[in-house]
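Below: the structure, in structure tokens.
The values are calculated or read from the model by the stated rules, or taken from the named source; none is laboratory data. Worth saying up front: this structure is predicted, and the values here are computed from it rather than measured. So basically every Cβ, Gly included, is an ideal-geometry build from the backbone, and we count neighbours across all protein chains shown. Side chains are part of the model used for accessible areas, which takes the heavy atoms of the whole protein and leaves out ligands, DNA and RNA. Shrake-Rupley method; radii C 1.70, N 1.55, O 1.52, S 1.80 Å.
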Amino acid sequence: MSASSVERLNWLRHELHRHNHLYYLEDNPEINDREFDLLLKELQQLEELHPELYDSNSPTMRVGGGINKNFETIAHNRRMYSLSNTYNLQELQDWYNRIVKHVGTDVSLVCELKYDGASISLTYEDGQLLRALTRGDGTSGDDVTANVRTIRSVPLQLHGEFPEKFDIRGEILLSHSAFAKINAEREQLGLELYMNPRNTASGTLKLQDSAEVAKRSLTAYMYGMVADQLPVDTHWEALELARSLGFKVPETAALCENLEDVITYIQHWDEARHTLEVETDGVVVKVNSLTLQEDLGYTAKAPRWATAYKFQAEQVVTKLASVSYQVGRTGAVTPVANLEPVLIAGTIVKRASLHNADIIAQLDLHLNDWVQVEKGGEIIPKIVGVELANRDPNAEPVTFISHCPDCGSALTRIEGEAAYYCPNEELCPTQMKGKIEHFVSRKAMDIESLGAETISLLFDQGLIRHAEDLYHLEKTQLLKLDRIGEKSAQNILDAIANSTTVPYHRVLFALGIRYVGETVAKLLAESFTTFQSLQEATKDDLAAVPGIGTRIAESVYNYFQEPAVIQRIQMLTDAGVQTQAQQRELLSESLAGKTFLFTGKLEIFNRDTAKENVEKHGGKIISSVSKNLDFLVVGENAGSKLAKAQQLGTVRILTEAEFLEMIQQ
């Protein structure tokens, strides 16, 4: 590799770290998204060509990649304690009085909002992110470093003067808007909606595909540095230091001279918290002096120098007017409570989520019940209880419907799932329209000129019944419709024609197969490069694809057994839509016919880079050790796969360096 290439690669890494900091931490970008993406793409290309320069904290790690089968449990450098809780101002006063009695004088305090997320501990050494652990039991946590590297507000490389090695604690959060986006996508796939941002953020940290984590727009708010020796004397100074090093430290924190200032802070944020983009459920109050913190020490579970004041979740009582039912594009039927309008958390609420039939049964809901509605941690308010004393003795119980509200078909329930489904996907109008809307969406076929209203108009006029019908529309048909003129009609036809260049994996996603989102569609497209091969695949073939599994395999298999589906795919093929993957350009065929598997902790490569290097030279990655495996490439702590390969005796075992030498030759 030439010196100029090394210099360029290092410059790109430095610049991308800097631009990331300017955008996500300082809200002061110097370049636009397209310019950033071009620099990132250039860096990715250089790193692919030169895997020997792998850096676990490269900006390219932000996009994620690779499947983690498990998360190693590792001991924290320093224990992560829980906080004691106070639920009223008297309990807070009692806590403060104990500290004053110990010290003999009033003490300075720091107030921070208690963000409702997933606790995390990040370890940095020589200014680089070394490890990210969940709280776990406080003594040990799960290693989620690969997933945390995808979070843009977590610096991979620090700038400024920093301790040689330290931990920083914080919360991984999901904003209201990011949470709503995830649930909208799940609704499109016919999946049950997530209940709240906190649990979703926690679950996202444990996803096995870090590329999927990268899509979810997590953020990290940091609240405390711990080390053998920090170059500061107070917690407030530690927060300022963390902010200067590039961490996202909330500006909502405040330095308070006494308890009166703390109470003012609490009273302000008890109302103002509803304006925030992330969930908060209280205020953390900490002694400011680090020396005094050390002196006060800890109980068995919590620090004596800090406490959490918990806000009351806002709850109101209103009347349940009715329950309506919505049908999604996959046929999932969702109940919604229609309420007498009521003000909660600063907004007028008319509807509340009921999620599924089990929730209705648990609440024992009756029509005209007075219900308790809560918005704590929820985007859509939920009913949390019923005022039984106020129930009309003649009130009718709410019974989940047995037939589709749109087409009248008897509903079915899949074993192990909470939702009921309308099985009439070929004739149920709401499902049919929903499938077409999904097909034209931006991440699928990206047919911009077709919105829900236009699709409904085309459907109601009998011009389309399924997505493939779009490719047979004529301008004369469009011009006969209300609000569609010459220019609009041509834009629609042009957008439909342009969609024939959309890659095969996005066409697969656009079909709207249950449980097949963007990531699953890509995994399937890599293993089954044509619709023909998907049609011929058995359930076992499908389930053998890493990241798929039996439920998805069964759904895909059943989908491609339908004669109507086969006919539809043929119509899409005839229309020129991409129904097979583009052939990947090979660097060589030196590994042609050879199979590889990587195991253990890799240092030179990440999993995606390793896979790409095999495939670019004509080789194939398989998912398990068997007689079909030619090479097992082992990293640190290789376990059962290495033992099995040694037992077989037919598998050649390579180190990363030996594999690198093989592909370079």
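Couple of notes before you dig in:
- For the criterion of being open to solvent by 30 Å² or more (accessible area, probe 1.4 Å), touching a Lys or Arg at 6+ places or on another chain (Cβ under 8 Å), modelled with pLDDT of 90 or more and farther than 29 Å from D126 by Cβ, W305 passes.
- Checking G328 against (1) in contact (Cβ under 8 Å) with a residue 12 or more places away in the chain; (2) surrounded by fewer than 18 Cβ atoms within 10 Å (Cβ to Cβ), the condition it does not meet: (2)
- Residues in region 151-177 that are open to solvent by 10 Å² or more (accessible area, probe 1.4 Å) and closer than 16 Å to L205 by Cβ: R152, R169, E171, S175.
- Considering (1) free of Cβ contacts under 8 Å to residues at least 60 places away in the same chain; (2) open to solvent by 70 Å² or more (accessible area, probe 1.4 Å); (3) part of a loop (DSSP other than H, G, I, E, B); (4) under 27 Å from F598 (Cβ atoms), the lone condition that R483 does not fulfil carries the number (4).
- Those helices (runs of 4 or more DSSP H) lying entirely in region 1-114 with at least 3 residues within 25 Å of T519 (Cα to Cα) and either open to solvent by 60 Å² or more (accessible area, probe 1.4 Å) or at pLDDT 85 or above (or both): 33-49
- Sole residue being of a type in the set (G, A, S) and part of a loop (DSSP other than H, G, I, E, B), chosen from G136, G141: G136
- Those residues of region 219-270 which are under 22 Å from L22 (Cα atoms), open to solvent by less than 40 Å² (accessible area, probe 1.4 Å) and assigned to a helix (DSSP H, G or I), in sequence order: A238, L239, L241, A242
- For region 590-623, residues that are assigned to a loop (DSSP other than H, G, I, E, B) and acidic (D, E) total 1.
- Complete set of residues in region 624-655 that are part of a loop (DSSP other than H, G, I, E, B) and either among the charged types (D, E, K, R) or within 16 Å of E526 (Cα to Cα) (or both): K627, D630
- Considering region 333-359, and only residues there that are in a strand (DSSP E or B) and among the charged types (D, E, K, R), the residue that is least open to solvent (accessible area, probe 1.4 Å) turns out to be E340.
- Residues satisfying the stated conditions in region 578-588, i.e. in a loop (DSSP other than H, G, I, E, B) and either at pLDDT 95 or above or open to solvent by 60 Å² or more (accessible area, probe 1.4 Å) (or both): Q582, Q583, R584, E585, L586, L587
- Restricting attention to region 495-551, the residues being within 20 Å of R568 (Cβ to Cβ), surrounded by fewer than 16 Cβ atoms within 10 Å (Cβ to Cβ) and in contact with a Phe, Trp or Tyr (Cβ under 6 Å, 6 or more places away or on another chain) number 1.
- Look at (1) under 29 Å from the mean Cα position of the chain (by Cα); (2) in a loop (DSSP other than H, G, I, E, B); (3) surrounded by fewer than 18 Cβ atoms within 10 Å (Cβ to Cβ) and you find that I401 fails only one, number (1).
- Note on region 408-457: among residues that are acidic (D, E) and within 28 Å of the chain's Cα centre (by Cα), the one that is most open to solvent (accessible area, probe 1.4 Å) is E415.
- Selection of region 595-622 for residues being open to solvent by 60 Å² or more (accessible area, probe 1.4 Å) and more than 20 Å from E48 (Cβ to Cβ) yields only K601.
- Test result for V287, in contact with a Leu (Cβ under 7 Å, 6 or more places away or on another chain), at pLDDT 90 or above and either more than 30 Å from A467 (Cα to Cα) or open to solvent by 40 Å² or more (accessible area, probe 1.4 Å) (or both): yes
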